[in-house]
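Have a look at the structure below before the remarks.
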Amino acid sequence: MIKDIWFARLTLTALAALTPPDIEVKITDENVEPIDFEEDVDLVGVTGMVMHAPRAYQIAQRFRQRGIPVVMGGPHASSLPLEAKEYVDAVVIGEAENVWEGLIEDYKKGCLKPFYKEDTFCSMERLPFPRLDLLRKDAYMTVNCVQTTRGCPHQCDFCHVTHFFGKTYRCRPVEEVIEEVKRLDGEFVVFIDDNIAGNRHYARELFTQLKPLKKKWASQASMTLTRDPELLKLAAESGCVSLFIGVESLSSENLKEVNKAFNQVSQFEEAMKALHDHDIMILAGFIFGLDHDDEGVFERTLRFCERNRIELPTFFILTPLPGTALFQRMESEGRLLHKDWGQYNGATVVFKPRLMTEETLQRGFNWACKEGYSWNSIFKRVFHPQQRFFTRVVSNIAYRSIAQRTPEGYLPSLSRILQKMNDTIPLGNTRDLIQRVGEKITEKKLLIGQKAADTLKLYSIYNERLKTLFVRLEGSMDREGAKELVKRLKGVLNVEIQKVILDFKDVGAFSSEAIALLSRKGLLQTEEGKLWIAVNLPGIHD
Ligand code: B12
Ligand code: SF4
């Protein structure tokens, strides 16, 4: 038997609980056991995410060949019901709670309809407790899965949840959740919610009532929870030992573009610290391949995880799932490589990235998965005095065994260079700085203040497709700063980079020596076609 390191799926146990008691139900989870295609059954239900669609259709075909009708539901069938209908007898679009009994009645009468869909979301009150008795308990890390809420108040571009469960955040009555938790064996529970802290008031009540049960629990939450010290403390006191947090990207531009600007990059380090201060283990999700990701993203992200001792980093390749805003955008831009759903698994490139090639994205992702679970990286992330040190090491070993199966990857050659390029250059002499002239001069002065007066920050991004390095400069520049800049830029010049664009817009002050040096080295050229192109060049006055 295959042992699933994950927790059991709630989908089919929830569906079994909705089934009238006079009907015998059997659950087969192909993650942990093979399907018996010869089994004597009357009706087959299949579920699956997008990546499971090809397999779900094969399974349906095998049973239908024997004349057994098949019903399909879940994220994929709900997003593409017409496609699913070609392979099955009936499709349940969306939640099953309000349609499943009716469907069974129709089946008994021999008149299954092609589609079942309720226009409203179901009530979260009095949901029957999932039929955990139908699962092979020894096959999972735990079968204690409970759902407290559905939907999410946010609407991230790449996420399927809001489209599927609605923007309205629906909560089960706390007392019903508590009753369900009380009935579970063992001390550990997984709340499979997408965002357990999506409603502060509800979460407060839930955590308060969980406290006396003395259970330990894990779940998912958005980063907003880390900005609420009172709620975070309560979560920890109620038994929270680990949280999956969708960090997604270290670039504000990326986060803005995918409608996740509520994740504030400047607060990430603090957020991770807040979780650790409560001894909450962090499972952080990162997406590679967003439109502002260049070749440096893999190493940058992994080093962030190591610096912040993120216990279990999980890397995904951006995947446009049908039904999401991202899918529509990618499709309208002609960037989808194919619609072979089996490859829409978060580990395979299925679209054209903007700043790098498909191959670089795939190899860089593979590198991050493997390197992230190398002993060296595990050591950096978990080796610090912590109460649950043992759990952290054991979980890393389990993740490492999965990471080892990732195909070989490599770090793109420019990655290291890009990290170096992005380092801040400290200024030695700020006395001779000359303020830049421009409409935003006063604003700029305030913005730069004393902080930027003694540094020059470099933000560079490489477009592998255009073979161009874009460098945005921010702060102020003296002769030493300019010298260091020239040194770094010359260092990046290699066959791969064909053009460097320097953007001076956010440089608030220069020394005249710095300008002279840049000009002498040929870095202030503005003509197209040159190797170096300077934009937003400084006008200065003394
Ligand atoms: C817990 C969870 C996990 C767990 C366990 C997976 C599982 N299947 O339980 C883990 C952490 C392993 C996981 C991993 C992944 N997950 Co996940 N996961 C979830 C989560 C949060 C809850 C699933 C759940 O139990 N829901 C509760 C049940 C009751 O709801 P339900 O499954 O939708 O079922 C209802 C209806 O859909 C319907 N129904 C469903 N199936 C059927 C079948 C029939 C016959 C009928 C009649 C009705 C019916 O009836 C049910 C009751 O109403 C969902 C988000 C969500 N809120 O659903 C994401 C979600 C399912 N995951 C998602 C993704 C993308 C993944 C990953 C691919 C991520 C990645 N890139 O690696 C991996 C895949 C791993 C794998 N190999 O399967 C996406 C799927 C999107 C899509 N369109 O395919 C979701 C929707 C989240 C999202 N952000 O978009 N996941
Ligand atoms: S916060 Fe998480 S669950 Fe909510 S929409 Fe964004 S990605 Fe989806």
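The values are calculated or read from the model by the stated rules, or taken from the named source; none is laboratory data. From a predicted model like this one, the values you see are computed outputs, not experimental measurements. Every residue, glycine among them, receives a Cβ derived from its backbone with ideal geometry; neighbour counts consider all protein chains shown. In case anyone asks, the SASA skips ligands and DNA or RNA and just uses the protein heavy atoms, side chains included. Shrake-Rupley method; radii C 1.70, N 1.55, O 1.52, S 1.80 Å.
Values as computed for the structure displayed
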{"quantity": "Share of carbon and sulfur in the accessible heavy-atom surface of the range 75-145 [1.4 Å probe, %]", "calculated": "52 percent"}
{"quantity": "Formal net charge of residues neighbouring residue 382 (Cβ-Cβ distance under 9 Å; K, R +1; D, E -1)", "calculated": "+3"}
{"quantity": "Percent accessible area from carbon and sulfur atoms, the range 341-409, protein chains only, probe 1.4 Å", "calculated": "61 percent"}
{"quantity": "Scattering curve values for the range 26-65, log₁₀ I(q)/I(0), Debye with Cα scatterers, q = 0.18, 0.22, 0.23, 0.26 Å⁻¹", "calculated": "-0.49, -0.75, -0.82, -1.05"}
{"quantity": "Using alpha-carbon coordinates, inclination of helix 200-210 to the longest axis of the chain, degrees", "calculated": "60 degrees"}
{"quantity": "Among the listed pairs 260/370; 339/505; 137/352, those beyond 31 Å (Cα-Cα)", "calculated": "339/505; 137/352"}
{"quantity": "Over the range 303-360 - Rg/Rh using Cα atoms and the Kirkwood inverse-distance radius", "calculated": "1.07"}
{"quantity": "Protection proxy ranking, peptides 344-357, 62-75, 21-34, average beta carbon neighbours within 10 Å, highest first", "calculated": "344-357, 62-75, 21-34"}
{"quantity": "Helix-derived mean residue ellipticity, 222 nm - over the chain, DSSP H n ≥ 4, -39500 (n - 2.57), to 500", "calculated": "-10000 deg cm²/dmol"}
{"quantity": "Highest-first arrangement of 110-119, 374-383, where packing means the average Cβ count within 10 Å", "calculated": "374-383, 110-119"}
{"quantity": "Long-range amide H partners of residue 94 with built H, under 5 Å", "calculated": "74, 78"}
{"quantity": "Selected from 121, 79, 15, residue furthest toward positive end of dipole (the range 1-146; charges at beta carbon)", "calculated": "79"}
{"quantity": "Exposure ranking of 51, 330 by accessible area [1.4 Å probe, largest first]", "calculated": "51, 330"}
{"quantity": "Per-residue ³J(HN,Hα) for the range 182-190, Karplus 6.51 cos²θ - 1.76 cosθ + 1.60, θ = phi - 60°, Hz, x for Gly and Pro", "calculated": "4, 7, 7, 7, x, 9, 10, 10, 10"}
{"quantity": "Other-chain or far-sequence residues with amide H under 5 Å of residue 45's (modelled H)", "calculated": "71"}
{"quantity": "Given charges at Cβ of Lys, Arg, Asp, Glu: the range 92-216 dipole, positive-most of 160, 103, 198", "calculated": "198"}
{"quantity": "Unit Cα scatterers, Debye sum, the range 1-131: log10 I(q)/I(0) for q = 0.12, 0.21, 0.22 Å⁻¹", "calculated": "-0.45, -1.51, -1.66"}
{"quantity": "Neighbour cut-off at most 15 other Cβ (10 Å), DSSP loop, GluC sites (Glu not before Pro), the range 33-109", "calculated": "38, 39, 86"}
{"quantity": "Cysteines not pairable in the chain (beta carbon separation under 4.7 Å absent)", "calculated": "111, 122, 145, 152, 171, 240, 305, 369"}
{"quantity": "Simple label model, 7 Å out from Cα along Cβ direction - residue 339 to residue 55, nm", "calculated": "2.2 nm"}
{"quantity": "Solvent accessible area, Å² - residue 6, 1.4 Å probe, full protein context", "calculated": "100 Å²"}
{"quantity": "Heavy atoms of residue 181 accessible to a 1.4 Å probe, total area in Å² rounded to 10", "calculated": "0 Å²"}
{"quantity": "Spatially proximal lysines relative to residue 490 (Cα-Cα < 20 Å; intrachain offsets below 8 disregarded)", "calculated": "420, 457, 467, 499, 521, 530"}
{"quantity": "Relative contact order %, the chain, counting alpha carbon pairs below 8 Å whose residues are six or more apart", "calculated": "9 percent"}
{"quantity": "Under the Debye formula (equal points on every Cα, no solvent term), log10 I(q)/I(0) of the chain at q = 0.07, 0.13 Å⁻¹", "calculated": "-0.49, -1.36"}
{"quantity": "Whole-Hz ³J(HN,Hα) from phi, Karplus 6.51 cos²θ - 1.76 cosθ + 1.60, for the range 290-296, glycine and proline x", "calculated": "5, 5, 9, 8, 10, 5, x"}
{"quantity": "Estimated vicinal HN-Hα couplings, Hz - the range 322-328 in sequence order (Karplus 6.51, -1.76, 1.60; Gly, Pro = x)", "calculated": "x, x, 9, 4, 4, 4, 4"}
{"quantity": "Dipole magnitude of the chain, debye to nearest 20 (Cβ charges: Lys/Arg +1, Asp/Glu -1, about Cα centre)", "calculated": "1720 debye"}
{"quantity": "Rg over Rh, two decimals, the range 201-266 (C-alpha only, Kirkwood Rh)", "calculated": "1.07"}
{"quantity": "Most positive-pole-ward Cα, 346, 209, 189, against dipole of the chain from beta carbon charges", "calculated": "346"}
{"quantity": "Nonlocal amide H pairs with residue 314, under 5 Å, H built at 1.01 Å", "calculated": "284, 285, 286"}
{"quantity": "Residues of the chain: accessible area per residue with a 1.4 Å probe, Å²", "calculated": "47 Å²"}
{"quantity": "For peptides 242-255, 512-525, sequence by mean Cβ density within 10 Å, most packed first", "calculated": "242-255, 512-525"}
{"quantity": "Overall Cα dimensions of the range 106-239 - principal axes, largest extent first, Å", "calculated": "55, 37, 26"}
